[in-house]
Structures are given as structure tokens and as C-alpha cells.
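The values are calculated or read from the model by the stated rules, or taken from the named source; none is laboratory data. Fair warning: this is a prediction, and the values are worked out from it, not measured in the lab. Because the Cβ atoms are built from the backbone with ideal geometry, glycine has one as well, and the counts that use them run over all protein chains shown. These accessible areas exclude ligands, DNA and RNA; they are computed on the full protein's heavy atoms, side chains included. Shrake-Rupley method; radii C 1.70, N 1.55, O 1.52, S 1.80 Å.
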Amino acid sequence: MKTLLKTTLLCLAALVAPGLRAAEDILIADFEGTNYGSWKTTGEAFGPGPARGTLPGQMRVDGFKGRGLVSSFHKGDGSTGTLTSPEFQIDRKFISFLIGGGKDAEKTCMNLLVEGKVVRVATGPNDRPGGSEALAPDAWDVGEFAGKTAVLQIVDQAKGGWGHINVDQIAQSDRRPPRLMANAKREFKIGQRYLNIPIKNGVPTRKVTTLVDGRAEVVNDIGLANGEPDWWAPMDVGAWRGKTVTLQVDKLSEDSTALSSIVPSDTIKGAENLYREPLRGQFHFSPQRGWNNDPNGLVWFNGEYHLFFQHNPYGWGWGNMHWGHAVSRDLIHWEELGDVIAPDSFGPMFSGSAVVDSRNTSGLGKDGKPPLVLIYTAAGNPSVQCIASSTDGRTFTKYAGNPVVKQVTGGNRDPKVFWHGPTRKWVMVLYVELKKVHTIHFFTSPNLRDWTLASITEGDPDGKGFLFECPDFFELPVDGDAAKAKWVLTAANSEYAVGTFDGVRFTMEHKKLPGHRGRGFYAAQTFSDIPARDGRRIQIGWFQTETKGMPFNQAMTIPLELKLTATPEGPRLTMNPVRELAALRGKSHRFDGVTLQVGGANPLAGVSAELVELQAEFEPGDAGEVTFTVRGATIGYSGARQELSVNGHRVPAPLRAGQQRLTIFCDRTGLEVFASDGLAYVPMPFQPKADDLALAVQAKSGGIRFIRLEAHELISAWNRP
Ligand code: FRU
């Protein structure tokens, strides 16, 4: 009893000194005013007063208290200056503050000066590209300067990357702020599939190492919640049942609840609400938890479509690149499986493709089963191309002989591979920046393991080299005529070129052409190995739909069928929704044959729907103008201008033999509008108001006759058939 009391008192004494009762904290500055008050600036970096959060051009700033903070990002990283406090007396044992930004103890720092001499220095955490603008708590023990007069000086003398500093909430206190522990750990004997990890968005990330029976398997950067999390990230540990998994955090505040609150479970926390979250796209794929960007490894294998994707399982923003995995039998209903490849000593798992090696050229097949081979970028330094394989489409093994393509130049990435029948070789298109020009390198291989450089694109006839990131390359018939087939090379922004390919070299026949005409569509890829009896070229893009407040972020577009159609200017890509989407139609409303007059009754007045597909075929004539309203979004077509507008974003959409056919899909996070038989595809992130379910169509001029007008109420794709 006595010893217990003694230990308790000792602990208290360590936290509260001197004496047992802590004096009140003394606020030095909270930077909530419109100017710096009696603090003095030099230079321009600190601006006229405290920043209100993130400044223009800055990554998102988090972790400050109240509304204002010191930021030396005024005029960007290039500006310099200092901010100096008035003199104050040191009256408490500690000075605590929040700090973020650059990590340079001379150039981006906060100094404590006593008697004109720097006695303490603090910096932000960042000294390389990437990182976080978040401010984190820090403190100095200043007991030895009790009673002395001091000055704080915030310094920004750096001009390059991370050439700024963020500071807030400076106070004197007798309470020792919690210390950061190095390599805090918790062990789990694995009996269940997941460890649910508490996540707080925007806090500084920590390096979390997953060790299995003492061996480090993977390191992730995770923003751990101390206290109430924003959401829980399930770490899939199913493969390690019966083993001991240790999570080790490089730096953790000694008062943090992050490790102690991790929940082992067979389900992911929040599963009862899964796919019913208010901002969950209902017919657009999004990951259960975390962030997605590019679709990867789109492939048809053993009767299933596979969608792999760039996945951050442990963050709401980009990072920790894994390949997520989902499968579908119809392109519409997706089942998410666990991640298949995780960051390793070669780096994070960046984008790439998948092929079925049906001839087992790689030798990676087993028991007569052909392998499904993933070809991906391991984006470390150097940045290399690697492969992984599976015979069941579920478990993937990285190839022991990786990498299969060495670095050409830093940042080379995004291999897309296909089998070229005429030359009986695998071909890889790879994005490579060469002498500041974006190029595509073509490699060939007999076996997916040994690759030889075959050719390099010379860039767009414009000379700018438009082919940035995530190339895709495929052959398409023109107007269905295989004898007139052409090759199409696409880039991440969906611009493309049409030309010919001899198995070695691509010859472009046009200047670059625009792909999609909307916003928030990127890094699309087409499926490999779709059976010849189907013969379609199907594409999915990353749909950049931000979902604030949700435990997931971003999505995929609906699957699109690509074709080449002859136009007077040459063959052009068309993008149309795949026919499988019709499976989502619930109640349908048809108003074929109506003619709309200006100010006439709205034929769609009786229809209300949350998830919508609208189809309209009409002859607007030269003067006709028509406007559709779908849950607050405005989609207009002008016959005079032959122009489509989606929420004010205007794009050319030619009439086809005097007619226009529009298809509009509306989900909880975005619109996808198709016009001119697929020549104008307009994806558009958009969040309708939950209670606005109205649809309308109005003629702005002339009498417009609708050959077809259909509104379909869609059912959620997460309701499995
Ligand atoms: C495109 C991209 C790719 C890269 C991946 C990393 O969005 O930058 O080039 O492989 O994202 O997540």
C-alpha cells in the first residue's frame, strides 16, 4: 500500500512540478487576431497577420487550434522573414506549442532566446517532398531559465521545398506535455482476420511497422487517432493466423490510446453501415475503406472481371500504395477482396496492368493452370518494373527474379502489357520522362520476365510530348470493320493518338486528340483478355469524387465501351456506358413522342429518384435549346451551338444526322453524361442534395420533339442480385 502511494506520488511529481499543484497555464500567443499584435515581422514570409488555415498553393494545413496560426507560406516557399515576440518572463517549467512545416534547425524553426542567446530550437517534421502540413504538439523544458526574460523568434530563411514554418498556441505550463516514445509496440496473437486501427485524418503520420513472428513485413505511414477516431482502417492479417503480429510505431505520444484501442475482429468496424454511407456511390465502385486512385490490372480471368486499384488502406488521402482487389461477373456488382500486393523493399506498389499468360510463357503456371500475371511499378529509388502471379486469381506471389525492367529514368512507371499475336510477343508500354519530354517506351518479351527495348515515341507532332503517365495501347476496328483497324495510344488525362503499330513502333497519324470532355476522370485503363466472342474494349477510369466525412475517398467511373468511329477528320474514339448497366434499372418511365413547348409542362414532373439514368433522343433543329435538371444538376443542349453543358461546363457535341442522343447517369457523388453517340463523354463529380430527387426537362426555344425520353430509377449495385 505504502509503496503504491509512493509510486503514485512520484509519477505526479514527474508530471507536475514544482510542488504538487500545478499553477495555471500562461498563454503566450494563440494567433487568433487579424494581425500579429506586439509581435514584429521582418521580410514577407509571415504576411500581414496570422493565416486562417491553408494558404493559396499550400497542401491542407491541419492540427492548429482555433482559426488562426502563424504560417510563413505567404507568397509561397520562396519568401523569407522572421516573426519575433515581445519579451516575456519565464514563469513556468515548460513552454508548449504546436509546430509544423519545414525541418531545418537554422532556416525553418522557432528559437527561444534568453539573454540574446538561442537556448532552444524546434522545427517542423518535413525535409523531403511529400510529407504533411499538419502541426503537432511539442514543448521545451525551460525550468533552468526560471525568472529570466526571454524572446521567441520564428524563422523562415529557406526558399526551396518545405521552405516555410507553421506555429500556433504557445503557452507556459507546469504540466509536462506527454513525451514521444520511440518504437512503441503492441503484440497480437492472430486468430481473426482484421486488426481495426483507429485513424484520425490530418494528423502527422507515423511509421507503423507490421512484424510477423518478429520479421518486418511492411511499413505504412498512418495518422493514428489518439482518442476518438474519424474512422477505423482494417489491417488484413488473415494470412498470419496463429502467428504473432507486432505493430511497432516509430514515435507515439506516451498518452496515446492508438495502440491500446486497436480491435482484432473478423469484421471491419462500421461494417453494419457498409455501402449505405451517405456519400457512397451506389453504382460506382469505391473501396470499403481508405483512398483509391488509378484502376490497375483490369483483366478477365476464369469467368471474372478483376479490378485492382491503387489503394491506401490506412489513409483518407494518397499514400502507402497497395493494390486493392475486387471481382465481378457482370462489370456492375463488385465484391472487394483483400489487397494483393503491399509496399516492399523495392518501394510502394504503383500502377500497372495484368495479363492471362494462357501459353504459360512465363513458366509461372502450375498444374496445367495458366497464371494471371500482374505487371507493376515498384516506385522506390530506383523505380523498377516487377511482376507477381496467381493461378487462382486470389493469392498473388511476387516473382523471385524481380525487377524485370530496370529503371530507365527516375519516375518511369505504369507498365501496360498485352500479347501481340502477329509477332508472338508480349509488348509493354511504359511512361518514361526522357530529357524533360514525356515519352512512351515500347518493350517486348517472349516470357514476361526478359524485356528488350523496342522503340520510343517521338512525341506528339506538336512536339510537346503529351503522353503523361498511365499509357494504354490497343487496336480497334473502325466502324466495326476489322480490316480498317487502327491502334490507339491513350494517356492518363485521356488524350489519345490514333495510328499504326508493327509490333515494334507506333506511328501516329494525328495530332493529339481530346479524350473525355469533363472533369475528375484520370488514369483510365482497358480490360485485357476479354474473350474474343465478346470482343469489346472496356475501360474504367479513376473518378475523382471527394467524399469528405466518409471512411473512404474517391471512386471508379462506370465501365465504358470504347470504339473507333469514322469522322471526316479521321477515326475518333467514342465512349459509351456498357450495356450491363441496364441491369440496374428498377422502375422505368417513358415519354416517347412528346413535343416540348417553351414554358410547357414538365413531362418528368411525376418522377423522383435518387439514382438516375435518363435517356433522351431528340431533334433540336438549328435553334432548339433544351435543359434537363437532375437532382439539382443542369444539363443543357443547344442545337444552334451544337454544344452540351453540364453544370455550366460547356463542350462541343455535334448533332448526328440532325439528332442528339443524351444519356445521363446520376449517382450520389457524380454525373456521367454521354452525347453525340459517345463522341462527347462528360464525367463530372457532383453531390446532389439528399432531399432533392426532382427531374425536369424544359424547352428553352422552339417545339422540341422527343423521339425517345426515358427516366430509369436505378437500384444500388451493392444490392447483390
Ligand atoms: C497516376 C499515378 C501513376 C502512379 C500512381 C501512383 O494517378 O501518378 O502514374 O503509378 O498514380 O499512385
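Inside region 141-154, can you point out the residues that are open to solvent by less than 40 Å² (accessible area, probe 1.4 Å) and under 13 Å from Ile90 (Cβ atoms)? Within region 141-154, Val142, Gly143, Phe145, Ala150, Val151, Leu152 meet the criteria. The set of residues in region 110-119 that are out of contact with any helix residue (DSSP H, G or I) (no Cβ under 9 Å at 6 or more places or on another chain), over 24 Å from Asp62 (Cα atoms) and part of a strand (DSSP E or B) comprises Leu113, Lys117, Val118.
Looking across region 60-85, the residues that are under 13 Å from Gly43 (Cβ atoms), among the hydroxyl-bearing types (Ser, Thr, Tyr) and not in a strand (DSSP E or B) come down to Ser72, Ser79, Thr80. May I ask you to verify whether Leu307 is more than 26 Å from Asn412 (Cα to Cα) and either open to solvent by 10 Å² or more (accessible area, probe 1.4 Å) or part of a strand (DSSP E or B) (or both)? Against the criterion (more than 26 Å from Asn412 (Cα to Cα) and either open to solvent by 10 Å² or more (accessible area, probe 1.4 Å) or part of a strand (DSSP E or B) (or both)), Leu307 does not qualify.
Every residue in region 253-292 that is assigned to a loop (DSSP other than H, G, I, E, B), closer than 30 Å to Asp667 by Cα and among the polar types (S, T, N, Q), please.
Hits for region 253-292 are Thr267, Gln282, Ser286, Gln288.
So which residues in region 383-408 are more than 14 Å from the ligand (Cβ to nearest atom) and in contact with a Lys or Arg (Cβ under 9 Å, 6 or more places away or on another chain), if there are any at all? The answer is Ile387, Ala388, Ser389, Thr391, Asp392, Tyr399, Gly401, Val404. Among residues that are more than 24 Å from Leu135 (Cα to Cα) and of a type in the set (Ser, Thr, Tyr), Ser261 is not included.
Quick check: is even one residue across region 446-461 touching a Phe, Trp or Tyr at 6+ places or on another chain (Cβ under 7 Å) and among the aromatic types (Phe, Trp, Tyr)? For region 446-461, residues touching a Phe, Trp or Tyr at 6+ places or on another chain (Cβ under 7 Å) and among the aromatic types (Phe, Trp, Tyr): present. Against the test of being buried (at least 17 other Cβ atoms within 10 Å of the Cβ), of a type outside the set (Gly, Ala, Ser) and modelled with pLDDT under 95, the options Glu619, Glu625, Glu643 yield a single qualifying residue, Glu625.
Is it the case that Glu304 is touching a strand residue (DSSP E or B) at 6+ places or on another chain (Cβ under 6 Å), modelled with pLDDT under 95 and farther than 22 Å from Gly347 by Cα? Answer is no for this residue. Asn320 falls short on exactly one of the conditions (1) within 15 Å of the ligand (Cβ to nearest atom); (2) at negative phi; (3) not in a strand (DSSP E or B), and that condition is (2).
Counting just the residues of region 423-468 that are outside any strand (DSSP E or B) and modelled with pLDDT of 95 or more, which one comes out farthest from the ligand (Cβ to nearest atom)? Before you say what the answer is, go through the steps one by one.
We begin by selecting, within region 423-468, every residue outside any strand (DSSP E or B); these are 423-424, 435-436, 446-451, 457-468.
This time we only want the ones that are modelled with pLDDT of 95 or more, so: 423-424, 446-451.
Values: Thr423: 27, Arg424: 29, Pro446: 26, Asn447: 24, Leu448: 19, Arg449: 21, Asp450: 23, Trp451: 18 Å.
This residue is Arg424.
Taken as a whole, the structure leaves Trp323 outside the set of residues that are among the hydrophobic types (A, V, I, L, M, F, W, C), over 22 Å from Lys416 (Cβ atoms), in contact (Cβ under 8 Å) with a residue 40 or more places away in the chain and assigned by TED's automatic domain parsing to the domain that holds Pro551. Can you name the residue in region 469-485 that is away from the ligand (no atom under 16 Å from the Cβ) and of a type in the set (A, V, I, L, M, F, W, C) and is also farthest from the chain's Cα centre (by Cα) among such residues? Ranking the qualifying residues of region 469-485, first place goes to Ala483. Checked against (1) surrounded by 20 or more Cβ atoms within 10 Å (Cβ to Cβ); (2) farther than 24 Å from Asp30 by Cβ, Gln157 passes all but a single condition, namely (1). Out of the residues in region 174-217 that are in contact with a strand residue (DSSP E or B) (Cβ under 8 Å, 6 or more places away or on another chain), at positive phi and assigned to a loop (DSSP other than H, G, I, E, B), state the one that is surrounded by the most Cβ atoms within 10 Å (Cβ to Cβ). Top of the filtered list is Asp213. Every test in (1) within 13 Å of the ligand (Cβ to nearest atom); (2) surrounded by fewer than 19 Cβ atoms within 10 Å (Cβ to Cβ) is passed by Asp534 save one, and that test is (1).
Starting from region 298-317, keep only residues that are farther than 22 Å from Val417 by Cβ, then list their pairs with residues that are of a type in the set (Lys, Arg) and part of a strand (DSSP E or B) whose Cβ atoms are within a distance under 6 Å, requiring at least 6 positions of separation or different chains. Partner pairs satisfying both residue conditions: none exist. Among the residues of region 247-271, those identified as at pLDDT 95 or above and over 22 Å from Gly319 (Cβ atoms) are Thr257, Ser260, Val263, Pro264, Ser265, Asp266, Thr267.
Restrict the check to region 542-550 and report whether at least one residue is touching a residue at least 60 places away in the same chain (Cβ under 8 Å), outside any loop (DSSP other than H, G, I, E, B) and away from the ligand (no atom under 16 Å from the Cβ).
no
Please work out which residue is farthest from the ligand (Cβ to nearest atom), limiting yourself to region 501-525 and to residues that are part of a strand (DSSP E or B) and over 22 Å from Gly678 (Cα atoms). Once the filter is applied, the top-ranked residue is Thr507. If the condition is being more than 38 Å from the chain's Cα centre (by Cα) and open to solvent by 70 Å² or more (accessible area, probe 1.4 Å), then region 39-62 contributes Lys40, Thr42. Residues in region 535-552 that are in contact with a Ser or Thr (Cβ under 9 Å, 6 or more places away or on another chain) and under 17 Å from Pro683 (Cβ atoms): Ile538, Gln539, Ile540, Gly541, Trp542, Phe543, Thr545, Glu546, Thr547. Of the residues making up region 657-698, those that are in contact with an Asp or Glu (Cβ under 9 Å, 6 or more places away or on another chain) and among the basic types (Lys, Arg) number 2.
Take Ser328 and decide whether it is touching a residue at least 40 places away in the same chain (Cβ under 8 Å) and outside the structural domain of Arg193 (by TED's automatic domain parsing). Taking the combined requirement at face value, the residue does not satisfy it. Being within 29 Å of the chain's Cα centre (by Cα), without any contact (Cβ under 8 Å) to a residue 40 or more places away in the chain and open to solvent by 30 Å² or more (accessible area, probe 1.4 Å) is a condition met by no residue of region 594-602. For region 96-109, the condition holds for no residue, the condition being that it is modelled with pLDDT of 95 or more, outside any loop (DSSP other than H, G, I, E, B) and out of contact with any strand residue (DSSP E or B) (no Cβ under 8 Å at 6 or more places or on another chain). Restricting Pro313, Pro278, Pro264 to those that are within 16 Å of the ligand (Cβ to nearest atom) and over 22 Å from Lys369 (Cβ atoms) reduces the list to Pro313.
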